[in-house]
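> Got a structure here, written out as structure tokens. Questions coming.
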Amino acid sequence: KILILDFGSQYTQLIARRVREAHVYCELHPFDMEFSAIRAFAPSGIILSGGPMSVYEPGAPAVAEELFELGVPVLGICYGMQLMSLHFGGEVVPAGKREFGHAELVACGHPGMLYDGFFAEGKSPVWMSHGDHVSVVPPGFEVVAQTANAPVCAIQDEQRRLYGVQFHPEVNHTPRGEIFIDTFVRKVCGCSGQWTPGKIIEDAVARIRHDVGTERVILGLSGGVDSSVAAALIHRAIGDQLTCVFVDNGLLRLAEGDQVMATFAENLGVKVIRVNAEERFLAALAGESDPERKRKIIGGLFVEIFDEESSRIQDACWLAQGTIYPDVIESAGAKTGKAHNIKSHHNVGGLPEHMKLKLLEPLRELFKDEVRSIGEELGLPHQMVWRHPFPGPGLGVRILGEVKKEYADILRQADAIYIEELYSSGHYHKISQAFAVFLPVKSVGVMGDGRTYEYVVALRAVETKDFMTAGWYPLPYEDLARISGRIINEVKGINRVVYDISSKPPATIEWE
Ligand code: XMP
């Protein structure tokens, strides 16, 4: 297994994902992890991430220096390389100008085991993002490659198995970066690549059985990817000891409630209690048009209903949740005070305090793509596993202003047509998130011989990596024309469709 120490780079999670894609287990920890904890973790190799600081700045983050004496391979990326160079007696200086973007890496020494497969005819395109660079190579190290702006762009000491790169092998803009990280973890560090979906499931099943024993577990199933995969996994481990509570709040997508029941109760044989709570939610939301208060009402009522239902389940000892790795990684950015923004949305479900349940989180160590691949391996439908994210408050934040059943019904139909068309035209999987929004304004139209006076639907589709910034998706005119035509013809109550061309920021992805 590999240890990644985070110095606050926005790319650190990508390093971890690349390592996992090489089927090697890794963990990501803040740079100041205690040396005793590092030793206890017993890594086969260590990767030091990039970071926004300069190694010479006062208070610049540093690592427990003993880690260089562990005798395991260390790869420093960007800031990590500079830190390592400084430690071993090299020098780091500010580059003439900040470099950000594509560059061509040119081999200038003997490539050795790590760099061998990285170059094609002595070259490899790479992605750079740095202000400082190494000017004097530490004793014992050799320069392996350079770029026009960074004469020392890749270094190594093969004997001590220490490596440093100024470029970012973890980002997609470095096309052969995947090979580079794969070579580091498997060849240089000797990890065997056993972290496969089958093995992840096997380990998780064993752990769940061990922890839970013969006790009972409850889980709030929402139909989203994370809670669905958690349910399927726990069911595989302990069968009927698991009971799922599925609160249908009436704000789900078309036929979603029935699909959840078909997948879990009928196909997988999971015990699911479906609570049809549409009326309670609509009653609680009546007259309320403030977005934040709507969110609070929906979240609060969910907890209340979940609590009511689960307290009826005799001797439940565990509450299972679909928490995933990005939710639990402690951010180094927060420690250096140069944090990238941290997403603050919380997942559904508060722990009913008085029930004193123990928490079961079998996906805590997994990235979203791993959650998806084990979901498929567990037999969940492809469409469910690869579905775009859907917010906890559901259509409650996609109906602007006051929520009414009439609006929700109209929106569900329009949204279903939109999504169906995105699937059939092949756009769905290129888009990060797409949905329709109901606008409670009426406009005039004409249909046949008659005048219409009906509502507006807005279509949203965005591309994003992290949902913190997003660009609108350039859906071709002919697709827009077909979707708009179908919605206006097929959905009673809509006579106008508009396409949202705002990026985030300054707009957000959802309209409320
Ligand atoms: P925004 O609208 O903030 O959305 O750009 C970013 C991502 O978060 C989702 N989202 C939510 N998810 N509860 C959730 O579980 C919420 O209250 C919530 N609000 C927004 C949104 O769908 C997008 O993926």
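The values are calculated or read from the model by the stated rules, or taken from the named source; none is laboratory data. The shown structure was predicted, so the numbers you read here are calculated from the model rather than taken from an experiment. Here Cβ is always computed from backbone atoms with ideal geometry, including for glycine, and neighbour counts include all displayed protein chains.
> Of all residues in segment 202-258, which are outside any helix (DSSP H, G or I), over 17 Å from Leu380 (Cβ atoms) and in contact with a Pro (Cβ under 9 Å, 6 or more places away or on another chain)?
Result: Asn249, Leu251.
> Restricting to segment 99-119, count the residues that are assigned to a strand (DSSP E or B) and surrounded by 16 or more Cβ atoms within 10 Å (Cβ to Cβ). So that I can check it myself, show each step before the final result.
Narrowing segment 99-119 to residues assigned to a strand (DSSP E or B): 99-107.
Cutting the leftovers down to surrounded by 16 or more Cβ atoms within 10 Å (Cβ to Cβ) gives us 99, 103, 105, 107.
The total comes to 4.
> Within the bounds of segment 25-46, is there any residue that is closer than 19 Å to Arg176 by Cα and buried (at least 16 other Cβ atoms within 10 Å of the Cβ)?
For segment 25-46, residues closer than 19 Å to Arg176 by Cα and buried (at least 16 other Cβ atoms within 10 Å of the Cβ): absent.
> Continuing with this model, one more query. From the list Gly89, Gly96, Gly59, which residue is on the phi > 0 side of the Ramachandran plot, at pLDDT below 95 and not hydrophobic (A, V, I, L, M, F, W, C)?
After ruling out the rest, the residue left standing is Gly59.
> If Gly193 meets every condition in (1) in a loop (DSSP other than H, G, I, E, B); (2) crowded, with 16+ Cβ neighbours inside 10 Å apart from one, which number is that one?
(2)
> Can you go through Thr469, Thr464 and tell me which one is farther than 24 Å from Leu395 by Cβ and within 12 Å of the ligand (Cβ to nearest atom)?
Exactly one of Thr469, Thr464 is farther than 24 Å from Leu395 by Cβ and within 12 Å of the ligand (Cβ to nearest atom), namely Thr469.
> Only one residue in Leu75, Leu5, Leu83, Leu67 is more than 22 Å from Met128 (Cβ to Cβ), touching a Phe, Trp or Tyr at 6+ places or on another chain (Cβ under 9 Å) and either part of a helix (DSSP H, G or I) or hydrophobic (A, V, I, L, M, F, W, C) (or both), so which one is that?
On inspection, the qualifying residue turns out to be Leu67.
> Go through the residues of segment 298-313 one by one and say whether even a single one is touching a strand residue (DSSP E or B) at 6+ places or on another chain (Cβ under 9 Å), closer than 26 Å to Ile200 by Cβ and in a helix (DSSP H, G or I).
no
> Pairs, please: C-beta under 7 Å, at least 6 apart or cross-chain, first residue at positive phi and in segment 392-413, second outside any loop (DSSP other than H, G, I, E, B)?
Taking only residues 6 or more apart or on different chains, the pairs are Gly401/Pro440.
> Of everything in segment 473-512 that's aromatic (Phe, Trp, Tyr) and surrounded by fewer than 17 Cβ atoms within 10 Å (Cβ to Cβ), which residue is nearest to the ligand (Cβ to nearest atom)? So that I can check it myself, show each step before the final result.
Quick first cut of segment 473-512, residues aromatic (Phe, Trp, Tyr) only: 473, 477, 499, 511.
Of the ones still in play, those that are also surrounded by fewer than 17 Cβ atoms within 10 Å (Cβ to Cβ) are 477, 499.
Numbers: Tyr477: 26, Tyr499: 17 Å.
If we take residues in segment 473-512 being aromatic (Phe, Trp, Tyr) and surrounded by fewer than 17 Cβ atoms within 10 Å (Cβ to Cβ), then Tyr499 is nearest to the ligand (Cβ to nearest atom).
> Ok, one more. Among the listed residues Pro111, Pro169, Pro139, which satisfies the condition of being farther than 19 Å from Val188 by Cβ and either in contact with a helix residue (DSSP H, G or I) (Cβ under 7 Å, 6 or more places away or on another chain) or in contact (Cβ under 8 Å) with a residue 12 or more places away in the chain (or both)?
Unique residue meeting the criteria: Pro139.
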